[in-house]
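Engineer: Please see the structure below; I have some questions.
The values are calculated or read from the model by the stated rules, or taken from the named source; none is laboratory data. Computed from a prediction, not measured in an experiment: that's the story for all the values here. Here Cβ is always computed from backbone atoms with ideal geometry, including for glycine, and neighbour counts include all displayed protein chains. Heavy atoms of the whole protein, side chains included, go into the accessibility calculation; ligands, DNA and RNA do not. Shrake-Rupley method; radii C 1.70, N 1.55, O 1.52, S 1.80 Å.
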Protein chains: 2
Amino acid sequence: MEEAHGADGNVEGTQVEIAVMEAMHKVVPPPPRSSLDKIKVRLKETFFPDDPFRRFKGQPPKKKWILGAQYLFPILGWVPTYSLSLFKSDLVSGLTITSLAIPQGISYAQLANLPPIIGLYSSFVPPLVYSILGSSRDLAVGPVSIASLIMGSMLRQAANPRTDPYLFLQLAFTSTFFAGIVQASLGIFRLGFIIDFLSKATLTGFMAGAAIIVSLQQLKSMLGIVHFTKQMGLVPVMSSVFHKTDEWSWQTILMGICFLALLLLARHVSMRRPKLFWVSAGAPLTSVVLSTLLVFLFKAQNHGISIIGQLKSGLNRLSWDKLLFDSTYLGTIMKTGLVTGIISLTEGVAVGRTFASLKDYRVDGNKEMMAIGLMNIVGSCTSCYVTTGAFSRSAVNHQAGCKTALSNIVMSVTVMLTLLFLMPLFVYTPNVVLGAIIIAAVVGLIDVPAVYHLWKMDKIDFIVCLCAFLGVLFISVQDGLAIAVGISIFRILLQITRPNIVTLGNITGTDIYRNLHHYIDARRVPGFLILAVEAPINFTNTTYLNERITRCIEEEKAVDHHQAVLRFVILDLSAVPTIDTSGVSFLVDLKKSMEKHGFELVLVNPVGEVMEKLQRTNGVHNFFGVDSLYLTIGEAIISLSSLLKEST
Amino acid sequence: MEEAHGADGNVEGTQVEIAVMEAMHKVVPPPPRSSLDKIKVRLKETFFPDDPFRRFKGQPPKKKWILGAQYLFPILGWVPTYSLSLFKSDLVSGLTITSLAIPQGISYAQLANLPPIIGLYSSFVPPLVYSILGSSRDLAVGPVSIASLIMGSMLRQAANPRTDPYLFLQLAFTSTFFAGIVQASLGIFRLGFIIDFLSKATLTGFMAGAAIIVSLQQLKSMLGIVHFTKQMGLVPVMSSVFHKTDEWSWQTILMGICFLALLLLARHVSMRRPKLFWVSAGAPLTSVVLSTLLVFLFKAQNHGISIIGQLKSGLNRLSWDKLLFDSTYLGTIMKTGLVTGIISLTEGVAVGRTFASLKDYRVDGNKEMMAIGLMNIVGSCTSCYVTTGAFSRSAVNHQAGCKTALSNIVMSVTVMLTLLFLMPLFVYTPNVVLGAIIIAAVVGLIDVPAVYHLWKMDKIDFIVCLCAFLGVLFISVQDGLAIAVGISIFRILLQITRPNIVTLGNITGTDIYRNLHHYIDARRVPGFLILAVEAPINFTNTTYLNERITRCIEEEKAVDHHQAVLRFVILDLSAVPTIDTSGVSFLVDLKKSMEKHGFELVLVNPVGEVMEKLQRTNGVHNFFGVDSLYLTIGEAIISLSSLLKEST
């Protein structure tokens, strides 16, 4: 009958009308399902949207065992078919990322106020664990700048790393342990969607702010300041820097600027020509070697350049006896573990997904969380602090042509050899070059084009980004993050609380009804007000909807009085995915109040869940019967038009 | 062209196709508006959905002034046309609610650990203020049980009402002041929607729990216990009651049970026969008079029955000098003010709206908030604690036939006379009868049918209700509330994070596409997968949507291989009201990844905001062009089918 309506524009003859009424499509409730069934489906959609057990279905038991083992230990998936040519690629990429991992490991550990050696330990054990459990082929595992910064700054509120280094180390290991527990739990309980609440906008602002905070911290080593502030914010650091001008050392500054320029140049070259990725990949290690040689040759340590000093050779000690579950520190530890755990997880999972989609394979988010979590739990027992998949190193790994997680094993073995035999070489490495390496690494986190893109696409996303950025700079790293997440969530709630209600009109000669203010060839249908609600109807918006619909009707009456008198209000529910008890009461009350004022409320196309709930109301009130429920707006209008004519 | 498709079922001839292609409707972006315009509209929709200044438009300046004054002081709206017959009704209803207000005022003040006289003060000034500023005609203003309970329990954490009554009084007045500030600010800044976050489900559970907590507190006076626990929870109160069996006084218990039975009987009678509303309305005052006489005649105060004792005659003292802004207590005060303010506001506004819709007049929510807020600010300076529109008394007011806010003035004057002349009569009033009055009043807050309705309609609403109930009973009043609000909001976020994606099919012989699992006569269209997303697309759900859509395609491929090969994935965006930057990136990535796998992604009917953002992407990527954007599913299928034929 819609076609009939469309075909000759206006339906007039009674004959046609009768035919029309017969062809009308009924709105039916969805096929009945038990509450248990519905809960099952809902739980599955919430926790297993990717249906990870799909490929187990219909397999023989032996195959199921193999698939299960491969699911738990992805290494079993690629080892049996591993070949020499793959190994060549992995060896090259593994060595390339080692040259980044060693200097960055030392630097990031210092950023977290930990001894440099911890950074190397953390580049040895966790990559091994990940290569067994992880499903990404490109992830290069190790310490990362943001998580290091957060851990350093949060733990410093509970213990002083300079006066009480042992306690600080204990807190760091225990926080890492908690971070691992949080990460693994999110994976096991399939709550991975929690990290989705960190939107791109939030992360862009947060990363940029954190990069500046991290760079500011490097002013200590870049300027050679001895007594540096313990605070992190932009204001206290800058004021501290300019109050200590007497401690600035020109030799350090000169060396710092030279190496920073070298590193940034290398970065620039690699960005211009992706094939030259090895230039920026090799630059940090080259800088370390060069600067160490310089210091050694000129005995620069006697001329105001501070050096790392003696590092103990040997592999990771077991550290599970250092885990500290003292109630005095438990609050700080758990908070630090939670924040660093979630932040590093976000980075790791995002990096894994990015490269998986580039190479077109799948990474199971929840599985990855378990792998990263276990890696940190094992790490916390073997003198490592929090690690994850690092973006910059993974990019290098990818560009260097890695094929499997074996590149992580190569890196791990190389770091092991360094720990065993090469530690004495780092004695003369100047701290200033580590600072330069960190700055050159975090500069890439400031993504100006992304900010511009946000500004162009969505002003509120831009505001979220800005709040995260300013919050991190001027309040604190964790508060900036919390504020940005808060605004993002508030924005979603506001969209629900103030849903769009649009007035629809008929596109002449068709059966299409679209927004009057969007499609200029849409026309009002005399005697009808057609509204579409574009949000779930629930307790947060029933009051608003009531006021808004009342206003629409009054405006319509004011506008339309020269045409047919308004009789019917059609509410298109196509875009209302769910409704709650308050929403149903609202519809019932709305219908009653409209009848009082001489209008009739008609609902169009309630979807499955909404229809079910309306039907349950029907049992009690018999409110929304056949003549107030239609499948399409067109059918509603034809059917009601004939009523209109009968009554006049 | 939709009609053509519908009319002959399957379009085959090339002639028709060409006609069809010409008749195709383009998806156009909405008419351009400046960012400023958009922000203006958005702000208006967020803060002024009811368009309160609409009736000012087009009026002469003098009329505008009058309307403005009437807006600020609704009393000016009804006083000029007031008549003797209206006064008669208001006098009767005013006296009726006074007979409730006096005993309840005294009782509720005790519930808040305040001197009984404060309850009477609070029934004198606030009703006067409200009758000038408030727009509801039925609201009976005064202290209420829940807000009294919350204030008493929250302030008790900062000061002991028994050992330090003056400090406690100061805290109560200051909290009331803050509650008023919070309420008025919500109204002035038009943030009234904040109280919408307390859903019916939350309130039902919360009220029932609070009613039980309040009743448990009355065991002190009902059993005559002298040393009663300071805690509120179910467990500590019951254990305290049974540890103090030696303090139970049988005379008190006997008297309590008799009067409680009397009051509940009166309530029962009034509920059965609404015309006999005066039975339950008069019962509390009758009980007070009767019990006072009994005590006086039998000198029962010497037989273990505790009495109120001497109350000072005279009107409210000014108390603005008692407001205490000491930093030690400021945290508690502000928290108490916030919680009691919002809770009492919720009750007041809900009551006002309920009776307004019964009598079919309008109450402006934000205006009411300002009125209630100002009333509490004035109250806090005149020895009153937090007041609002009480549900039970307003119901009695309504049933007694009140016509305007004058019934509040009548109540106020009667309470004033009581304060001036009748205070000595309360000396012998036994505390047990006050306990019985409170229990009889709060029993009505336990709404079992509403809970059953929640269970039937919506299991999650029921769970929210249960959590609020159990939280209040076993944790604390404010935590129970917080948990329930948290769950309600989490539920909404979860709906956004895990949106419905439905597979659509064609209802044979029409141009209607509906959910395959809902409408059994809907049929798959060979070669096409038609998906509809029913939620805003944003950062919280892009990962899920990606996994879910991938799964849909894989399932479709598994099912459909005997029919035409899947070529096109149609994404119906009709029910996607908004999209953010992450959402746009998701669509772009999805299209790319589909192309890699040999499918084509087509979008149908993006609404205004979504279309605008897609267009902005188009500028950069030129991604969603004419042949991947259609106005209806039908048009998309016809147009793409012809492509399909050309290619084969």
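Engineer: Every residue in the range B:402-419 that is more than 12 Å from B:Leu91 (Cα to Cα) and not hydroxyl-bearing (Ser, Thr, Tyr), please.
Structural biologist: B:Val415, B:Met416, B:Leu417, B:Leu419 - these are the residues of the range B:402-419 that are more than 12 Å from B:Leu91 (Cα to Cα) and not hydroxyl-bearing (Ser, Thr, Tyr).
Engineer: Looking at (1) of a type outside the set (A, V, I, L, M, F, W, C); (2) in a loop (DSSP other than H, G, I, E, B); (3) surrounded by 23 or more Cβ atoms within 10 Å (Cβ to Cβ); (4) more than 7 Å from chain B (Cβ to nearest Cβ), which is the one condition that is false for A:Arg514?
Structural biologist: Status for A:Arg514: all satisfied but (2).
Engineer: In addition: Would you mind finding the one in B:Lys38, B:Lys62, B:Lys44 that is more than 14 Å from chain A (Cβ to nearest Cβ) and basic (Lys, Arg)?
Structural biologist: Going through B:Lys38, B:Lys62, B:Lys44 in turn, just one is more than 14 Å from chain A (Cβ to nearest Cβ) and basic (Lys, Arg): B:Lys62.
Engineer: Now for a different question. Within the range A:26-49, track down each residue that is open to solvent by less than 40 Å² (accessible area, probe 1.4 Å) and at pLDDT 75 or above. Break it down stepwise before answering.
Structural biologist: Filtering the range A:26-49 for residues open to solvent by less than 40 Å² (accessible area, probe 1.4 Å) gives A:27, A:30, A:45-46, A:49.
Within the range A:26-49, A:Pro30, A:Glu45, A:Thr46, A:Pro49 qualify.
Engineer: Considering only residues that are of a type in the set (Val, Ile, Thr) and in contact (Cβ under 8 Å) with a residue 24 or more places away in the chain, look in the range B:287-322 and name the one that is nearest to B:Val182 (Cα to Cα).
Structural biologist: B:Ile308
Engineer: So which of A:Val433, A:Val351 ends up being in contact with a helix residue (DSSP H, G or I) (Cβ under 7 Å, 6 or more places away or on another chain), over 30 Å from A:Thr46 (Cβ atoms) and buried (at least 21 other Cβ atoms within 10 Å of the Cβ)?
Structural biologist: A:Val433
Engineer: Scan B:Ile377, B:Ile437 and give me the residue that is among the β-branched types (Val, Ile, Thr) and over 25 Å from the mean Cα position of the chain (by Cα).
Structural biologist: Going through B:Ile377, B:Ile437 in turn, just one is among the β-branched types (Val, Ile, Thr) and over 25 Å from the mean Cα position of the chain (by Cα): B:Ile437.
Engineer: Can you pull out the residues in the range A:427-446 that are assigned to a loop (DSSP other than H, G, I, E, B) and β-branched (Val, Ile, Thr)?
Structural biologist: Residues satisfying the conditions are A:Val427, A:Thr429, A:Ile446.
Engineer: What do you reckon, is A:Gly505 more than 9 Å from chain B (Cβ to nearest Cβ) and on the phi > 0 side of the Ramachandran plot?
Structural biologist: no
Engineer: Continuing with this model, one more query. Among the residues of the range A:323-330, is any among the β-branched types (Val, Ile, Thr), out of contact with any strand residue (DSSP E or B) (no Cβ under 9 Å at 6 or more places or on another chain) and either over 28 Å from A:Ser136 (Cα atoms) or touching a residue at least 40 places away in the same chain (Cβ under 8 Å) (or both)?
Structural biologist: For the range A:323-330, residues among the β-branched types (Val, Ile, Thr), out of contact with any strand residue (DSSP E or B) (no Cβ under 9 Å at 6 or more places or on another chain) and either over 28 Å from A:Ser136 (Cα atoms) or touching a residue at least 40 places away in the same chain (Cβ under 8 Å) (or both): present.
Matching residues to (1) touching a helix residue (DSSP H, G or I) at 6+ places or on another chain (Cβ under 9 Å); (2) modelled with pLDDT under 85; (3) farther than 17 Å from B:Thr617 by Cβ:
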residue: B:Leu531; (1), (2), (3): yes, no, yes
residue: B:Asn541; (1), (2), (3): yes, no, yes
residue: B:Arg551; (1), (2), (3): yes, no, yes
residue: B:Asp560; (1), (2), (3): no, yes, yes
residue: B:Ala564; (1), (2), (3): yes, yes, yes
residue: B:Ile570; (1), (2), (3): yes, no, yes
residue: B:Val576; (1), (2), (3): yes, no, no
residue: B:Thr581; (1), (2), (3): yes, no, no
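Engineer: Another question, if that's okay. What residue, of B:Val448, B:Val533, is of a type in the set (A, V, I, L, M) and either open to solvent by 10 Å² or more (accessible area, probe 1.4 Å) or over 29 Å from B:Thr632 (Cα atoms) (or both)?
Structural biologist: Answer to the check: B:Val448.
Engineer: Which numbered condition in (1) surrounded by 13 or more Cβ atoms within 10 Å (Cβ to Cβ); (2) in a helix (DSSP H, G or I) is the only one that A:Asn302 fails?
Structural biologist: (1)
Engineer: So which of B:Ile496, B:Ile549, B:Ile460, B:Ile553 ends up being aliphatic (A, V, I, L, M), in a helix (DSSP H, G or I), in contact with a Leu (Cβ under 7 Å, 6 or more places away or on another chain) and within 12 Å of another protein chain (Cβ to nearest Cβ)?
Structural biologist: Of the residues listed, the single one that is aliphatic (A, V, I, L, M), in a helix (DSSP H, G or I), in contact with a Leu (Cβ under 7 Å, 6 or more places away or on another chain) and within 12 Å of another protein chain (Cβ to nearest Cβ) is B:Ile549.
Engineer: State yes or no: is B:Ser145 crowded, with 24+ Cβ neighbours inside 10 Å and of a type outside the set (Val, Ile, Thr)?
Structural biologist: Yes, satisfied.
Engineer: Those residues that are within 15 Å of B:Ser628 (Cα to Cα) and either more than 37 Å from the chain's Cα centre (by Cα) or outside any loop (DSSP other than H, G, I, E, B) (or both), I need them from the range B:599-612; list them, please.
Structural biologist: Hits for the range B:599-612 are B:Phe599, B:Glu600, B:Leu601, B:Val602, B:Leu603, B:Val604, B:Val610, B:Met611.
Engineer: Now for a separate question. Consider the range B:242-280. How many of its residues are buried (at least 18 other Cβ atoms within 10 Å of the Cβ) and of a type in the set (S, T, N, Q)?
Structural biologist: Final tally of qualifying residues: 4.
Engineer: Could you identify the single residue in A:Val339, A:Val378, A:Val410 that is in contact with an Asp or Glu (Cβ under 7 Å, 6 or more places away or on another chain), in a helix (DSSP H, G or I), assigned by the TED database to the domain that holds A:Val226 and modelled with pLDDT of 85 or more?
Structural biologist: A:Val410
Engineer: Inside the range A:606-647, can you point out the residues that are more than 10 Å from every other protein chain (Cβ to nearest Cβ), at negative phi and at pLDDT below 80?
Structural biologist: Within the range A:606-647, A:Asn618, A:His621, A:Phe623, A:Phe624, A:Gly625, A:Val626, A:Asp627, A:Leu643, A:Leu644, A:Lys645, A:Glu646, A:Ser647 meet the criteria.
Engineer: Right, something else. Select from the range B:167-201 the residues that are open to solvent by 30 Å² or more (accessible area, probe 1.4 Å), of a type in the set (A, V, I, L, M) and within 14 Å of chain A (Cβ to nearest Cβ) and list them in ascending order.
Structural biologist: B:Leu191, B:Ile194
Engineer: Here is a check on your reading of the model: is B:Ala558 more than 41 Å from the chain's Cα centre (by Cα) and either farther than 28 Å from A:Leu504 by Cα or within 12 Å of chain A (Cβ to nearest Cβ) (or both)?
Structural biologist: It is true that B:Ala558 is more than 41 Å from the chain's Cα centre (by Cα) and either farther than 28 Å from A:Leu504 by Cα or within 12 Å of chain A (Cβ to nearest Cβ) (or both).
Engineer: Within the range B:561-578, is there a residue that is open to solvent by less than 10 Å² (accessible area, probe 1.4 Å), within 14 Å of chain A (Cβ to nearest Cβ) and free of Cβ contacts under 8 Å to residues at least 40 places away in the same chain?
Structural biologist: no
Engineer: Regarding the range A:568-582, can at least one residue be identified that is in contact with an Asp or Glu (Cβ under 8 Å, 6 or more places away or on another chain) and under 12 Å from A:Ser628 (Cβ atoms)?
Structural biologist: Looking for residues that are in contact with an Asp or Glu (Cβ under 8 Å, 6 or more places away or on another chain) and under 12 Å from A:Ser628 (Cβ atoms), one finds at least one in the range A:568-582, hence yes.
Residues checked against (1) under 30 Å from A:Leu493 (Cβ atoms); (2) more than 7 Å from chain A (Cβ to nearest Cβ):
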site	(1), (2)
B:Asn500	yes, no
B:Val525	no, yes
B:Ala535	yes, no
B:Thr542	yes, yes
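Engineer: Being at pLDDT below 90 and in the same structural domain as A:Ala575 (by the TED database) narrows it down to one of A:Ile537, A:Ile512, so name that one.
Structural biologist: Testing whether each residue is at pLDDT below 90 and in the same structural domain as A:Ala575 (by the TED database) leaves just A:Ile512.
Engineer: Continuing with the same structure: Considering A:Ser291, A:Ser313, which residue is crowded, with 17+ Cβ neighbours inside 10 Å and either out of contact with any Cys (no Cβ under 8 Å at 6 or more places or on another chain) or not assigned by the TED database to the domain that holds A:Val442 (or both)?
Structural biologist: None of the others qualify; the one that does is A:Ser291.
Engineer: In a strand (DSSP E or B), in contact (Cβ under 8 Å) with a residue 40 or more places away in the chain and more than 30 Å from A:Ser153 (Cβ to Cβ): does that describe A:Thr540?
Structural biologist: no
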